[in-house]
1. Among the candidates Glu92, Glu58, Glu11, Glu64, which residue alone is among the acidic types (Asp, Glu), modelled with pLDDT of 75 or more and closer than 30 Å to Asn241 by Cα?
2. Hey, among Leu200, Leu207, Leu228, which residue is open to solvent by 20 Å² or more (accessible area, probe 1.4 Å), more than 25 Å from Phe45 (Cα to Cα) and touching a residue at least 40 places away in the same chain (Cβ under 8 Å)?
3. Go over the candidates Thr12, Thr54 one by one and state the one that is more than 29 Å from Thr148 (Cα to Cα), touching a residue at least 40 places away in the same chain (Cβ under 8 Å), among the β-branched types (Val, Ile, Thr) and surrounded by 13 or more Cβ atoms within 10 Å (Cβ to Cβ).
4. Out of curiosity, is Leu186 surrounded by fewer than 20 Cβ atoms within 10 Å (Cβ to Cβ), under 13 Å from the mean Cα position of the chain (by Cα) and not in a loop (DSSP other than H, G, I, E, B)?
5. Leu193: surrounded by fewer than 17 Cβ atoms within 10 Å (Cβ to Cβ) and closer than 24 Å to Ile146 by Cβ, yes or no?
6. What about Phe168, is it over 21 Å from Ala204 (Cβ atoms), more than 20 Å from the chain's Cα centre (by Cα) and either among the acidic types (Asp, Glu) or modelled with pLDDT under 85 (or both)?
7. Can you tell which of Ala155, Ala176, Ala132 is surrounded by fewer than 16 Cβ atoms within 10 Å (Cβ to Cβ), outside any strand (DSSP E or B) and either touching a Gly at 6+ places or on another chain (Cβ under 7 Å) or modelled with pLDDT of 80 or more (or both)?
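The values are calculated or read from the model by the stated rules, or taken from the named source; none is laboratory data. Not measured: the values here are computed from a predicted model. Every residue, glycine as well, gets a Cβ built from its backbone with ideal geometry; the counts of neighbours run over all protein chains shown. Remember, those area values only see protein heavy atoms, side chains included, never the ligands or the DNA or RNA. Shrake-Rupley method; radii C 1.70, N 1.55, O 1.52, S 1.80 Å.
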Amino acid sequence: MAFRLKLVPDETKINFFSLQWLTFGISAAAMLGSIIVIAVMGLNFGIDFKGGTTIRTESATAFEVGDYRQALDGLDLGDVSITEVFDPTFGEDKHVAMIRIGTTDETGSVTPEELNRVEAALKEVDPQVSFAAVESVGPKVSGELIKTAFYAVGAATIAIMFYIWLRFEWQFAIGAVVSIFHDVLLTVGIFSLFQLKFDLTTIAALLTTLGYSVNDTVVVFDRLRENLIKFKTMPLVDVMNLTVNETLSRTVMTAVTTALALTAMYVFGGDVIRGFVFAMLWGVFVGAYSTVYVAKNIVLWLGVKRDWSKPDPKEVKDEIPAAFRDAP
């Protein structure tokens with residue numbers, strides 16, 4: 001006998017919009033709080049955004065990234081990121097690492113004395129290590145990266161709004177964009193609140209979260225459009241309740257399976273991708289919430305163009321599913 005896991009029953013009768021002002025008020029308060037936190041505390045920019053030095057090391061023997069990191073911990077260098085470079089063209093006697101060291105110096109690079117201390121510390125754990133290349137990223141380039149990153153998020157948002165406007169109606173586009181803004185702002189706000197490192201991988205996570213949230217929203221919008229055609233005289237709030245209940249199982253299953261994979265990456269993936277995975281995990285949570293309680297509320301308040309006639313009241317009641325006839 002086959003066993004099928006169900007996180008949500010086949011038929012649910014939840015009135016998602018009975019507390020629409022409260023749920024949207026919570027979202028508005030969270031967005032305002034995020035703006036205040038970002039303005040007061042700022043962001044803990046990583047090396048990508050505040051400048052630093054990148055060192056490419058080579059060694060004839062295999063090494064552990066943890067040993068390199070431990071050797072540099074006591075040098076008071078600021079932000080340090082170490083990743084091992086894998087390339088199929090490397091021979092057995094070539095092991096490469098990329099070490100990025102952040103700096104608050106106006107020059108945007110570590111000093112020669114600091115480089116000497118780094119090399120000496122690494123040679124204690126790996127005597128065969130050598131510096132193959134040393135490059136610095138100054139504050140000017142870092143500032144351009146910040147602008148480019150936010151331009152990327154803004155351009156993606158505008159493109160998505162235009163797509164949804166063409167596919168559905170302008171009310172749906174506004175609802176989706178407000179939902180996207182909600183997700184991005186809350187994610188940036190949580191990074192500011194806990195002073196988590198904000199770098200290019202975080203921007204990648206924001207763009208990925210943006211796509212995840214829009215995909216979930218468009219799926220529900222598609223079902224909503226079908227139901228609007230099917231139930232032409234049903235009040236809009238009842239059509240929305242019916243739609244969200246019909247797609248609830250899909251929304252929950254997608255969010256849970258994605259969260260399980262991300263949790264495994266967060267626990268076992270190491271420090272290099274932990275910020276990216278945290279942003280994704282948070283984005284999955286707020287994205288699922290905003291699909292129902294932000295995007296749909298906006299569409300409900302703006303209304304949707306429909307062919308409203310004056311049918312017999314009995315026909316209207318018969319068209320409303322029993323689960324929502326007596327809903328408040």
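1. Details: Glu92 fails: closer than 30 Å to Asn241 by Cα; Glu58 fails: closer than 30 Å to Asn241 by Cα; Glu64 fails: closer than 30 Å to Asn241 by Cα.
Result: Glu11 is the single residue among Glu92, Glu58, Glu11, Glu64 that is among the acidic types (Asp, Glu), modelled with pLDDT of 75 or more and closer than 30 Å to Asn241 by Cα.
2. Details: Leu200 fails: more than 25 Å from Phe45 (Cα to Cα); Leu207 fails: more than 25 Å from Phe45 (Cα to Cα).
Step by step, each of Leu200, Leu207, Leu228 is checked, and only Leu228 is open to solvent by 20 Å² or more (accessible area, probe 1.4 Å), more than 25 Å from Phe45 (Cα to Cα) and touching a residue at least 40 places away in the same chain (Cβ under 8 Å).
3. Thr12
4. Numbers: surrounded by fewer than 20 Cβ atoms within 10 Å (Cβ to Cβ): no; under 13 Å from the mean Cα position of the chain (by Cα): yes; not in a loop (DSSP other than H, G, I, E, B): yes.
No: the conditions fail for Leu186.
5. Working: surrounded by fewer than 17 Cβ atoms within 10 Å (Cβ to Cβ): yes; closer than 24 Å to Ile146 by Cβ: yes.
When the stated conditions are applied, Leu193 passes them.
6. Values: over 21 Å from Ala204 (Cβ atoms): yes; more than 20 Å from the chain's Cα centre (by Cα): yes; either among the acidic types (Asp, Glu) or modelled with pLDDT under 85 (or both): yes.
So Phe168 passes the test.
7. Of the residues listed, the single one that is surrounded by fewer than 16 Cβ atoms within 10 Å (Cβ to Cβ), outside any strand (DSSP E or B) and either touching a Gly at 6+ places or on another chain (Cβ under 7 Å) or modelled with pLDDT of 80 or more (or both) is Ala155.
This table checks each residue for (1) open to solvent by less than 70 Å² (accessible area, probe 1.4 Å); (2) charged (D, E, K, R); (3) at pLDDT below 85; (4) not in a loop (DSSP other than H, G, I, E, B).
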{"position": "Gln70", "(1), (2), (3), (4)": "no, no, no, yes"}
{"position": "Met98", "(1), (2), (3), (4)": "yes, no, yes, yes"}
{"position": "Thr104", "(1), (2), (3), (4)": "no, no, yes, no"}
{"position": "Ser109", "(1), (2), (3), (4)": "yes, no, yes, no"}
{"position": "Asn116", "(1), (2), (3), (4)": "no, no, no, yes"}
{"position": "Gly143", "(1), (2), (3), (4)": "yes, no, yes, yes"}
